Amino acid sequence: GNSVTQMEGPVTLSEEAFLTINCTYTATGYPSLFWYVQYPGEGLQLLLKATKADDKGSNKGFEATYRKETTSFHLEKGSVQVSDSAVYFCALSALGSQGNLIFGKGTKLSVKP
Amino acid sequence: GAGVSQSPSNKVTEKGKDVELRCDPISGHTALYWYRQSLGQGLEFLIYFQGNSAPDKSGLPSDRFSAERTGGSVSTLTIQRTQQEDSAVYLCASSLGGGGGWEMQYFGPGTRLTVL
């Protein structure tokens, strides 16, 4: 079946450090891929998405590239800020599923000043 | 405009009781989704509505769980004879639906259910 595996946290970084959160998926066909973020005390928000191979999603300095050959969608940011502290979820929506999201377990990021 | 709202924000109940959780989607959004977020299982899809129909109920964990949507708007998730393992945060999301509009899902703040 379809599934998402992302690196377990927590991840603790200093401000301005480089961030990578790994995400790999298993799915038939070409799913759409997403990163969602949950800031402390807030609801889930879509951070970025990619709907086909080699697409790059980007938002707020975060980027992720849809890699079909490695079935990956790793999240990166060149210089993290304290305000980026949150839980990050990788997710997929299988072709024809009408949007039902399958999530990874989530990775908690803490950025220290 | 108003986002997705859910009520109650917190619900504490005793094992064996029934509970109803409510979701008000964004006006005009035809697609509505229920998810469950728990420590052990992470975020799980429960059910999807397009209008008032539920073409995908595959995520409902047991027949104690049911959901309905009326008027293409408000949805209610009902859990009968609650068990301790039902304790979780129940999230509702909505999207425009149809023709790619389903991809942008907006989530509500969730209802935290605690079963004693």
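Find the sum over both chains of the accessible area lost when A and B are paired, probe 1.4 Å, and report it in Å² to the nearest 100.
Roughly 1500 Å² of accessible surface disappears when A and B pair.
For chain A, what is the percent of antiparallel DSSP beta bridges, rounded to the nearest 5?
In chain A, DSSP labels about 90 percent of beta bridges as antiparallel.
Pairs of Cα atoms under 8 Å, at least six residues apart: use those to get the relative contact order of chain A, whole percent.
About 37 percent, as a whole number.
Say R0 is 35 Å: what FRET efficiency, to the nearest 0.05, do A:Thr20 and B:Glu85 get from their beta-carbon distance?
Calculated value: 0.55.
Report the label-to-label distance for A:Glu76 and B:Thr78 in nanometres (one decimal), using points 7 Å from each Cα along the Cα→Cβ vector.
5.1 nm
Choose one of A:Asn100, A:Ile21, A:Met7: the residue whose Cα lies farthest towards the positive end of the charge dipole of chain A (beta-carbon charges +1 Lys, Arg; -1 Asp, Glu; about the Cα centre).
The residue sitting farthest along the positive end of the dipole is A:Asn100.
On average, how many beta carbons from a partner chain sit within 10 Å of the beta carbon of a residue in B:32-42?
2
Where does region B:1-69 land on the Kirkwood hydrodynamic radius, alpha-carbon pairs, in angstrom?
After inverting the mean inverse Cα-Cα distance, the result is 13.6 Å.
Holding the Cα-Cα limit at 25 Å, pick out from A:Lys108/B:Lys57; A:Lys60/A:Lys108; A:Lys56/B:Lys57; B:Lys17/B:Lys57; A:Lys108/B:Lys17 the pairs that are longer than that.
With Cα atoms farther than 25 Å apart: A:Lys108/B:Lys57; A:Lys56/B:Lys57; A:Lys108/B:Lys17.
What distance in nm lies between label points placed 7 Å from Cα along the C-beta direction at A:Lys108 and A:Glu42?
1.8 nm
Rounded to a whole number, what % of the accessible area of chain A do carbon and sulfur atoms account for, probe 1.4 Å?
49 percent
Loop-only trypsin sites (Lys or Arg not before Pro) in region B:51-81, please: DSSP not H, G, I, E or B, and at most 14 other Cβ atoms within 10 Å.
B:Lys57, B:Arg64, B:Arg81
The values are calculated or read from the model by the stated rules, or taken from the named source; none is laboratory data. As the structure is a prediction and not an experimental result, all values here were calculated from the model. Because the Cβ atoms are built from the backbone with ideal geometry, glycine has one as well, and the counts that use them run over all protein chains shown. Just the protein is used for accessible areas: all its heavy atoms, side chains included, with ligands, DNA and RNA removed. Shrake-Rupley method; radii C 1.70, N 1.55, O 1.52, S 1.80 Å.
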